[in-house]
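Visitor: I have a structure I would like to understand better, so I am pasting it below and will then ask my questions one at a time.
The values are calculated or read from the model by the stated rules, or taken from the named source; none is laboratory data. None of these values were measured; they are calculated from a predicted model. Neighbour counts are summed over all protein chains in view; Cβ atoms, including those assigned to glycine, are modelled from backbone coordinates with ideal geometry. Each accessible area value is taken on the protein alone, full model and side chains, heavy atoms only, with ligands, DNA and RNA left out. Shrake-Rupley method; radii C 1.70, N 1.55, O 1.52, S 1.80 Å.
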Amino acid sequence: MVATIGQNTQTRMGPMALCLGSIVLAMASHWLHEAAHALMAIAFGVSGTMGTNTVRYTVEMSEIAVIFATAAGPALTVLLAVIAAFSNWRWAPTIIFAAFIQRGMAAGITLIGAPNDEARLSLLLGLGKWSVFAVTVGVTAALFVWRWRKDQLGWRWLAISWFGISLGIGAMVGLDGVLPEIVF
């Protein structure tokens with residue numbers, strides 16, 4: 001008999017499957033976040049490059065283009081978490097948790113001195129450094145806690161998922177500049 005994680009039959013799976021799935025979904029979510037920045041820039045006629053953790057623009061952008069391109073990544077991440085929260089997909093809690101961790105890590109990076117998407121957007125909008133973070137981290141945290149309780153996932157699920165998601169996001173950050181960039 002294989003040990004399962006989670007009380008709810010919807011989320012029951014083995015620890016190895018949970019860890020590997022968390023890695024893959026975190027990497028996919030992170031890539032989609034960066035792709036959202038690039039696609040929004042393209043919509044404004046801007047060219048550039050996209051790595052696994054960065055998007056660089058090769059032309060000057062209007063202020064409105066900068067605002068929309070900056071907002072696109074966090075907006076997509078939160079949107080995916082909201083959709084997942086109301087989905088019956090067995091991996092939905094992982095998507096929500098990955099969004100929460102990703103935005104929380106962005107806040108932490110900003111705290112140590114490298115303003116991330118939400119900080120840049122907040123400053124562009126004249127809202128101070130932390131206003132948009134309050135929304136993105138707050139919404140994803142609330143959705144995660146609600147879904148975690150609803151699905152009765154437990155601390156073992158949390159630990160394994162956190163480990164896998166951290167590895168996935170760490171891989172995306174570490175591979176930036178190592179893997180070829182996408183030119184747009």
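Visitor: Return P(r) of the chain (all Cα-Cα pairs; 5 Å bins starting at 0; whole %; ordered from short to long distances).
Guide: 1, 9, 16, 19, 19, 15, 10, 6, 3, 1, 0, 0
Visitor: Counting Lys +1, Arg +1, Asp -1, Glu -1, what net charge surrounds ALA35 among other residues with beta carbon under 15 Å of its beta carbon?
Guide: Here the count lands on -3.
Visitor: Of the accessible area of the range 5-75, with the probe set at 1.4 angstrom, what percent is carbon plus sulfur?
Guide: The value for the range 5-75 is 68 percent carbon and sulfur by accessible area.
Visitor: Be a star and scan the range 151-184 for residues whose amide nitrogen sits under 20 Å from the point 7 Å along the Cα-to-Cβ vector of THR58.
Guide: 176-184
Visitor: Pop the C-beta distance of VAL24 and PHE184 into the FRET formula with R0 = 22 Å and round what comes out to the nearest 0.05. Don't jump to the answer; show the numbers that get you there.
Guide: On the way: r = 24 Å, r/R0 = 1.10.
That pair, VAL24 with PHE184, gives E of 0.35.
Visitor: Another question about this same structure. Between LEU79 and ILE67, what length comes free when the chain is fully extended (0.36 nm per residue of separation minus the Cα-Cα distance, one decimal in nm)?
Guide: 2.6 nm
Visitor: Now, a different point. So what is the calculated 222 nm ellipticity per residue for the chain, using -39500 (n - 2.57) for each DSSP H run with n of 4 or more, over all residues, to the nearest 500 deg cm²/dmol?
Guide: -23000 deg cm²/dmol
Visitor: Find the relative contact order for the chain and round it to a whole percent, using C-alpha pairs within less than 8 Å whose residues are 6+ positions apart.
Guide: 35
Visitor: Another question, then. Treating each Cα of the range 80-184 as an identical point scatterer and ignoring solvent, apply the Debye formula and state log10 I(q)/I(0) at q = 0.19 Å⁻¹.
Guide: Log10 of I(q)/I(0), two decimals: -1.03.
Visitor: In what sequence, highest mean first, do 105-111, 116-122, 175-181 appear when ranked by Cβ atoms within 10 angstrom?
Guide: Numbers: 105-111: 16.7, 116-122: 22.3, 175-181: 11.4.
The most tightly packed comes first, giving 116-122, 105-111, 175-181.
Visitor: Given a 1.4 angstrom probe, what's the average accessible area per residue across the range 26-94, in square angstrom?
Guide: Computed with neighbouring chains in place, this is 46 Å² per residue.
Visitor: For ASP176 and VAL145 in one chain, what is 0.36 nm times their gap in residues minus the Cα-Cα distance, to one decimal in nm?
Guide: On the way: separation 31, 0.36 × 31 = 11.16 nm, distance 3.08 nm.
Length gained, ASP176 through VAL145: 8.1 nm.
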